[in-house]
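> One structure, as structure tokens, below. Some questions next.
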Ligand SMILES: Nc1ncnc2c1ncn2[C@@H]1O[C@H](COP(=O)(O)OP(=O)(O)OP(=O)(O)O)[C@@H](O)[C@H]1O
Ligand SMILES: [Mg+2]
């Protein structure tokens with residue numbers, strides 16, 4: 001990528017982010033979402049084409065963060081907006097109580113999660129069993145709570161698994177990510193952390209999920225921002241007291257997820273904090289089949305009479321994350337859609353469509369990344 005092109009795309013990216021912020025400030029979600037789409041496109045381009053690996057990583061992280069923000073906007077949420085209330089004497093003040101817990105549990109359950117047999121086993125023992133049978137759990141435990149850190153390469157299902165657990169348990173569930181907490185005003189982020197735990201304490205049984213934990217709790221030594229330190233300190237204080245007042249009848253679960261476990265402050269992953277660690281790795285062959293099948297589920301005609309088969313795809317997709325597999329299938333379908341548009345009828349996706357996409361698709365996870373995770377798993 002030439003430096004001129006790089007500059008052009010970073011300008012597009014920065015401009016779109018700035019405009020998006022302005023729209024969010026005036027709560028114009030539709031306009032914000034459209035600027036966000038431009039920023040996402042620029043981030044994808046930069047993630048795939050930036051000359052330096054660090055920049056590629058930076059923009060692929062930005063890309064994921066923006067996707068998660070877009071998801072919020074599509075649900076009518078504006079994480080940047082401070083809610084105002086008008087008091088009796090007509091004075092506008094910031095609303096004190098924000099609700100982090102959703103009333104509706106996610107619609108996905110563990111049946112929707114492909115493969116990951118070991119992860120499901122760990123979840124069964126560490127989360128489902130204690131939540132469903134506290135009496136049995138307390139026969140072996142004194143503390144009424146479970147803190148789990150899920151870690152692994154991007155796009156392999158950590159967030160998806162967390163939502164599936166909440167969908168399975170149908171308990172009050174709060175999904176917190178960096179946009180819900182970080183705030184330009186000093187002192188706001190620790191206050192929000194306390195607010196989240198205070199809301200959680202109202203429930204006998206609940207699940208609190210902190211996504212992209214690394215953005216919140218990077219190593220205090222390597223990050224000299226006092227902002228980050230305050231967030232971590234508030235979190236450690238809250239989580240230490242969270243499970244103490246147990247009546248031996250209820251269990252609360254805190255789950256954190258990260259794709260960079262090595263930058264999380266050690267204080268957050270020691271005993272009493274996130275002390276159960278679950279590695280969520282690449283999908284195995286059965287899992288890949290499941291994800292590919294799901295991608296082609298919307299119309300049986302997509303593979304009817306085609307030379308492209310599910311086993312062929314799942315074999316070729318070894319080493320790719322669930323998110324990449326979904327994206328590759330989507331791109332192959334777009335190839336066929338181009339022909340369908342010309343013929344004005346549904347045509348199958350062909351092996352050549354899939355092979356064409358595979359030729360240019362850049363795997364977001366390298367062998368070295370996996371080795372790093374596996375080494376980390378051993379050292380945990
Ligand atoms: N094991 C799986 N079973 C079914 N779908 C999966 C699986 N893994 C990934 N996916 C698909 O990929 C998408 C992305 O996965 P998800 O966001 O959960 O990854 P992640 O591990 O949280 O990534 P990140 O580290 O970037 O946050 C999911 O929404 C889902 O559609
Ligand atoms: Mg995630």
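Bear in mind these aren't lab numbers, they're just calculated from the coordinates by the rules spelled out. For clarity, every value in this text was computed on a predicted model and none was experimentally measured. Positions of Cβ are generated from backbone atoms using ideal geometry, with glycine treated the same way; all protein chains shown enter the neighbour counts.
> Given the DSSP H assignment, sum -39500 (n - 2.57) over each helix run of at least 4 residues in the chain and divide by its residue total; what's the result at 222 nm in deg cm²/dmol, nearest 500? Let's see the in-between values first.
On the way: 16 runs with 197 residues, N = 380.
Theoretical 222 nm ellipticity from helices: -16000 deg cm²/dmol.
> Highest mean first, how do 125-134, 282-291, 158-167 rank when packing is the count of other Cβ atoms within 10 Å averaged over residues? List each step's numbers first, then the result.
Details: 125-134: 17.4, 282-291: 20.3, 158-167: 23.4.
In decreasing order of mean packing, 125-134, 282-291, 158-167 become 158-167, 282-291, 125-134.
> Please determine, in degrees from 0 to 90 and to the nearest 10, the orientation of helix 226-242 with respect to the longest principal axis defined by the Cα atoms of the chain, where the helix direction is its Cα long axis.
70 degrees
> If you don't mind, another one. Compute the angle between helix 351-360 and the longest alpha-carbon principal axis of the chain, please, reported from 0 to 90 degrees and rounded to the nearest 10.
60 degrees
> Rounded to the nearest 5, what % of DSSP beta bridges with both residues in the chain are antiparallel? Numbers along the way, then the final one.
On the way: 5 of 25 bridges.
So the antiparallel bridges in the chain amount to around 20 percent.
> For the stretch 311-380 and the stretch 167-198, what is the centre-to-centre distance using only Cα atoms, to the nearest Å?
34 Å
> In degrees between 0 and 90, to the nearest 10, how far off the longest principal axis of the chain does helix 29-49 point, with axes built from Cα atoms?
60 degrees
> Can you tell me the convex hull volume per residue for the chain, based on C-alpha atoms, in Å³ to the nearest whole number?
Working: hull volume 66.2 nm³, N = 380.
Looking at the chain, the number lands at 174 Å³ per residue.
> Dividing the Cα radius of gyration by the Kirkwood radius, what Rg/Rh value follows for the stretch 285-364?
Values: Rg = 11.9 Å, Rh = 12.5 Å.
Radius of gyration over Kirkwood radius for the stretch 285-364 works out to 0.95.
> What ranking of 36, 73 emerges when the number of other C-beta atoms within 10 Å of each C-beta is taken as an exposure proxy, fewest first?
Details: 36 22, 73 18.
Fewest-to-most ranking of 36, 73: 73, 36.
> Sticking to Cα atoms, compute the Rg of the stretch 215-359 to one decimal and its Dmax as the biggest Cα-Cα distance, whole number, in Å.
Cα radius of gyration and Dmax of the stretch 215-359 are 23.1, 67 Å respectively.
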